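Presented below is the structure to which this report refers.
Every read-out reported here was derived from the displayed coordinates using simple, explicitly stated rules and does not represent laboratory data. Not measured: the values here are computed from a predicted model. With ideal geometry, Cβ positions are generated from the backbone for all residues, glycine too; neighbour counts draw on all protein chains shown.
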């Protein structure tokens, strides 16, 4: 066949006679299976953008017909006659939340050109443009009559999915990211090839936004500011917080949504207590924590930015914890804890692990925060991913390049396995007058999954190693949604929950 042009266009009533003939040829095993002219006119009148044709060399090659319905009325237990209002299309609603596929077919001589995919792609784009919840339709299983004596519809569908039986129609729908939700008996009268069975298939619009009852801004592009902090002597808390405010001011000036500080960024204040033992010195450092949190809360509001304070020593009920705070720009404050204490923290400082693990709702979506060593335990971030985490923040402190590599490599693994962004920020330099905090090594970075919408090496941005600086990067939340549904691999969706289970005890 010599193809001069392929054109996707809206269906018009002038196309009817050619459309009728195309349907007769496409449904040759179902006599009189074509739409009447008044029915096509009705569809065009009520929903013109839902009716499209593909023309090859100005000849109709394929058609897709659709309506909008309030799917809560029907859900996945309906017949074709019911969903179309006895073929009158009175079920169409301009406020409907689902695009329902009435018909789609390709003329026999044009099959094999992937024209059906073009029609399905148009429907998906229309669904996204109209902000609908998804697409649904009843999928025929036209080869079922050959196996109906030995297989139930459920068994037949399972064998088709396993490629043990070929069903070109059903396979095509699965390959276009539709998932079956229910098998319906008596769906389409006269469909003998399918024994009148059909599979209700759905496609979810990952970009759908629910109507809000109050004003709100849903951020799609989130800007992250990482503070790669230089360890240096400070004479007082005011001097340290003056430096912290400088960084907050800088990242806020670039309109960042988050500022991330490193673990134990306030360690230089231990210098004045270096004459004490390490355990006593860090408990003295914990006395500054309340004032630091108060200052960061003020910064978050005045600079209009969400601040993740890294971490600080904190005493609660006479126990020493490694904890930090999420200071939101709306004035709310939330606390997080380091759950896994390193052998050094336990032996030298007498710290103990916390017990709080949760995601935090922000004006940029759900985030998780794990402190340094916690990022090396995959279970924690997986639990946060199950709660809808999009960005994982990891403030860290490592003295050697070995320790840093553990944090970095584990952070990259967390991004891949949880299909999320990971931002890590650490300190650099040295503190010669602070025991157990002599040297630091860091290279802060923003890490992504490794798939087509992201950098091939999974690194969105990275700081210069061992240099005081800020790092700013934008991350696209919609790219995560696309990855969740259509990624080359789907680490979250493909977990074998039938053979293992992960859950929190607290």
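The packing ranking of peptides 40-49, 301-310, highest mean first, is 301-310, 40-49, where packing means the average number of other beta carbon atoms within 10 angstrom of each residue.
What share of all Cα pairs of segment 221-486, in percent, falls into each consecutive 10 Å distance bin? Per 10 Å bin, starting at zero, the Cα-Cα P(r) for segment 221-486 comes out as 7, 33, 39, 18, 3, 0 percent. Just report the Cα centroid separation between segment 1-44 and segment 71-133, whole Å. The distance from the Cα centre of segment 1-44 to that of segment 71-133 comes to 16 Å. Among beta bridges from DSSP that stay inside the chain, the antiparallel ones total about 75%.
Quick one: angle between helix 401-418 and the longest Cα principal axis of the chain, in degrees between 0 and 90, rounded to 10, please. Value to nearest ten degrees: 20. Computed on the chain, with alpha-carbon pairs under 8 angstrom and 6+ residues apart, the relative contact order is 11 percent.
To the nearest ten degrees, helix 115-129 and the longest principal axis of the Cα atoms of the chain are 50 degrees apart. Equivalent ellipsoid of segment 275-365: semi-axes from √(5λ) of the C-alpha gyration tensor, largest first, are 27, 16, 9 Å. For segment 143-193 versus segment 287-344, the inter-centroid distance based on Cα atoms is 56 Å. With helices as the sole contributors, the chain gives -8000 deg cm²/dmol at 222 nm; each DSSP H run of n ≥ 4 counts as -39500 (n - 2.57), and the sum is divided by every residue.
For the chain, the longest principal axis of the Cα atoms and the long axis of helix 477-486 meet at an angle of about 50 degrees. By other beta-carbon atoms within 10 Å, ranking 355, 152 with the fewest at the front produces 355, 152. Of the peptides 467-478, 382-393, the ranking by mean beta-carbon count within 10 Å, highest at the top, reads 382-393, 467-478.
Find the relative contact order for segment 6-204 and round it to a whole percent, using C-alpha pairs within less than 8 Å whose residues are 6+ positions apart. 19 percent. Computed over the chain, the range of Cα coordinates on each principal axis works out to 96, 48, 45 Å, biggest value leading.
By the Stokes-Einstein formula, at 1.002 mPa s and 20 °C, segment 6-204 with its Kirkwood radius over alpha-carbon pairs has D equal to 125 µm²/s. Considering every alpha-carbon pair of segment 131-193, the percent of pairs per 10 Å bin, from zero through the bin containing the longest distance, is 19, 56, 21, 4, 0. Does segment 303-352 classify as rounded, prolate or oblate by the C-alpha gyration tensor (a ≥ b ≥ c root eigenvalues; a/c under 1.5 gives rounded; else a/b over b/c gives prolate, otherwise oblate)? Prolate is the answer for segment 303-352, as a/c is 1.5 or above and a/b outweighs b/c.
Sorted from longest to shortest, the spans of the Cα atoms of segment 418-492 along the three principal axes equal 53, 21, 18 Å.
Based on alpha carbons, the Rg and Dmax found for segment 1-52 are 12.6, 36 Å.
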